[in-house]
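The values are calculated or read from the model by the stated rules, or taken from the named source; none is laboratory data. What you see is a predicted model, and the numbers here were worked out from it, not measured in a lab. All Cβ positions, glycine included, derive from the backbone under ideal geometry; neighbour counts span all protein chains shown. Keep in mind that these areas ignore ligands, DNA and RNA; they rest on the heavy atoms of the full protein, side chains included. Shrake-Rupley method; radii C 1.70, N 1.55, O 1.52, S 1.80 Å.
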Amino acid sequence: MKVADEIADIFETRGSCSYFGEPVSQLEHALQAAHHARQAQVAGPLIVAALLHDIGHLLEDIPEEIAEQGIDRRHEEIGQAWLEKRFAPEVHEPVRLHVAAKRYLCGIDPTYLAKLSGASRWSLKLQGGPMASAQGAEFESRRFFQEAVMLRRWDDLAKVKGAQVPSLRHYWDDIEQAANPFDLRRNFQ
Ligand code: FE
């Protein structure tokens, strides 16, 4: 099965679920995030990362009220583990780091923290709260730090009810081009 078909199946099955406490579905959220990435004219793999940054939520069938129950399912790691078998680090690493990027931005910028949505502020607590400055400095030294921060900002913008953005089909070529043809691990699982 082609990666783009797998992704289409996942969104078809679970994409209509609402995006935790926000006025958009999971699919709308993904498409809005990808659209912001495309408008920023970044490389294809980062557009794919934006599109798939929350795929961990869809893979696990996490109930909507999970954060209210005080549980952090670490969707960024679930997503990264899935993406790692299909894409290069340019896709899966910004996804893995996008929650850390939120904690980083909250640590360095009080206005960012103040603007977070209610649901996002609530999940921040479960994710460990704002980073302290030493932790933030360490985060800045990581490969894909900048990409993760960009992704995080598109994530925050991608919660607009009824926004008209291109469909999933629009990203087919980006997905196929970013898929790693040399990684055969998934064929043996
Ligand atoms: Fe998100």
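Using Cα positions and a limit of under 16 Å, work out the lysines in reach of residue 2, with same-chain residues fewer than 8 apart set aside.
85
Binning every alpha carbon pair distance of the chain at 10 Å from zero, what are the percents per bin?
10, 39, 38, 13, 1
To the nearest 20 debye, what is the magnitude of the charge dipole of the chain about its Cα centre, counting +1 on the Cβ of each Lys and Arg and -1 on the Cβ of each Asp and Glu? Don't skip to the answer; put the middle values down first.
Working: 22 positive and 28 negative charges, 77 e Å.
Dipole about the Cα centre, nearest 20: 360 debye.
Take peptides 152-161, 75-84, 121-130 and line them up by average Cβ neighbours within 10 Å, highest first, as a rough protection proxy.
Numbers: 152-161: 18.4, 75-84: 20.7, 121-130: 15.6.
The peptides rank, most packed first, as 75-84, 152-161, 121-130.
Per-residue ellipticity at 222 nm for the chain, helices alone: DSSP H runs ≥ 4 residues times -39500 (n - 2.57), over residue total, nearest 500 deg cm²/dmol? Please list the in-between numbers first.
Working: 11 runs with 113 residues, N = 189.
Value at 222 nm, helices only, nearest 500: -17500 deg cm²/dmol.
Once neighbouring chains are kept in place and the probe is 1.4 Å, which whole percent of the accessible area of the chain is contributed by carbon and sulfur? Provide the component values of the computation, followed by the final result.
On the way: 4890 of 9490 Å².
About 51 percent, which is the carbon plus sulfur part of the accessible surface.
Where does helix 145-157 land angle-wise versus the long Cα axis of the chain, in degrees 0 to 90, nearest 10?
The helix 145-157 is inclined about 80 degrees to the chain.
Packing-wise, with mean Cβ within 10 Å as the measure, how do 91-103, 35-47 rank, highest first? Please report the intermediate quantities before stating the final value.
Numbers: 91-103: 24.9, 35-47: 18.6.
In decreasing order of mean packing, 91-103, 35-47 become 91-103, 35-47.
Sequence-distant or interchain residues sharing an amide H contact under 5 Å with residue 87, placed H: which?
Under 5 Å from the amide H of residue 87: 180.
For residue 25, list long-range residues whose amide hydrogen, built 1.01 Å from N in the peptide plane, is under 5 Å from its own amide hydrogen.
Long-range HN contacts for residue 25: 19.
For region 96-189, compute the number of Lys pairs whose alpha carbons are separated by less than 16 Å, excluding pairs fewer than 8 positions apart on the same chain.
Working: 102/115; 102/125; 102/159; 115/125; 115/159.
Close lysine pairs found across region 96-189: 5.
Considering the options 52, 150, 75, tell which one lies farthest towards the positive end of the dipole of the chain, charges being +1 on Lys and Arg and -1 on Asp and Glu at the Cβ, about the Cα centre.
Value: 150.
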